[in-house]
Amino acid sequence: QVQVVESGGGLVQPGGSLRLSCAASGSIFSIYDMGWYRQAPGKQRELVAIITSGGSPDYADSVKGRFTISRDNAKNTEYLQMNSLKPEDTAVYCCKAVLSRARSTSAYAYWGQGTQVTVSS
């Protein structure tokens, strides 16, 4: 079994900051890319940021310069530091981990349940 669990969401005022965490646990051999996605009400899910196993990040244009993705491979955990938050950042944020469960086996994507981020005054 593999579990992917997010934490750190909540209510914040515009201009504020939040830090999301995502931990993968269970029968894991290796984690490759990890990423954060979000889905606002009435909208499609969109990529926010991804990070490779080597630590190379990439961001959606809408969050560049405000969000920072990072990971701790020893803890199978990734983070999303969100600064200068805007009301349009309000969404459910979900974590994705692409991982393999044993040597020489295929890698699959595992998703967390999501955490709500609300930016409002």
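The values are calculated or read from the model by the stated rules, or taken from the named source; none is laboratory data. All figures in this text were calculated on a predicted structure; none of them were measured in a lab. Backbone-built Cβ (ideal geometry, glycine too); neighbour counts: all protein chains shown. Accessible surface is based on the protein model in full, side chains and every heavy atom, while ligands, DNA and RNA are left aside. Shrake-Rupley method; radii C 1.70, N 1.55, O 1.52, S 1.80 Å.
Any residue in segment 37-45 that is touching a Ser or Thr at 6+ places or on another chain (Cβ under 8 Å), at pLDDT 95 or above and part of a strand (DSSP E or B)? Talk me through it step by step, then tell me what you get.
Initially, segment 37-45 is screened for residues touching a Ser or Thr at 6+ places or on another chain (Cβ under 8 Å), giving 40.
Applying the additional criterion that residues be at pLDDT 95 or above yields 40.
Narrowing the set further to residues that are part of a strand (DSSP E or B) leaves none.
No: zero hits.
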Pairs please, first residue from segment 98-121 and farther than 18 Å from R19 by Cα and open to solvent by 40 Å² or more (accessible area, probe 1.4 Å), second anywhere and outside any strand (DSSP E or B) and of a type in the set (G, A, S), Cβ atoms under 7 Å, 6+ apart in sequence or on different chains. R101/S27
Out of all the residues in segment 72-97, which are surrounded by fewer than 20 Cβ atoms within 10 Å (Cβ to Cβ) and either touching an Asp or Glu at 6+ places or on another chain (Cβ under 7 Å) or acidic (D, E) (or both)? D72, E88
Based on what the data block shows, is G54 on the phi < 0 side of the Ramachandran plot, part of a loop (DSSP other than H, G, I, E, B), of a type outside the set (S, T, Y) and free of Cβ contacts under 8 Å to residues at least 24 places away in the same chain? yes
Can you name every residue in segment 58-69 that is surrounded by 15 or more Cβ atoms within 10 Å (Cβ to Cβ) and of a type outside the set (A, V, I, L, M, F, W, C)? Y59, R66, T68
Out of everything in segment 58-102 that is at pLDDT below 95 and part of a loop (DSSP other than H, G, I, E, B), what residue ends up being nearest to G10 (Cα to Cα)? R101
E6 fails exactly one of the following numbered conditions: (1) modelled with pLDDT under 95; (2) assigned to a strand (DSSP E or B). What is the number of that condition? (1)
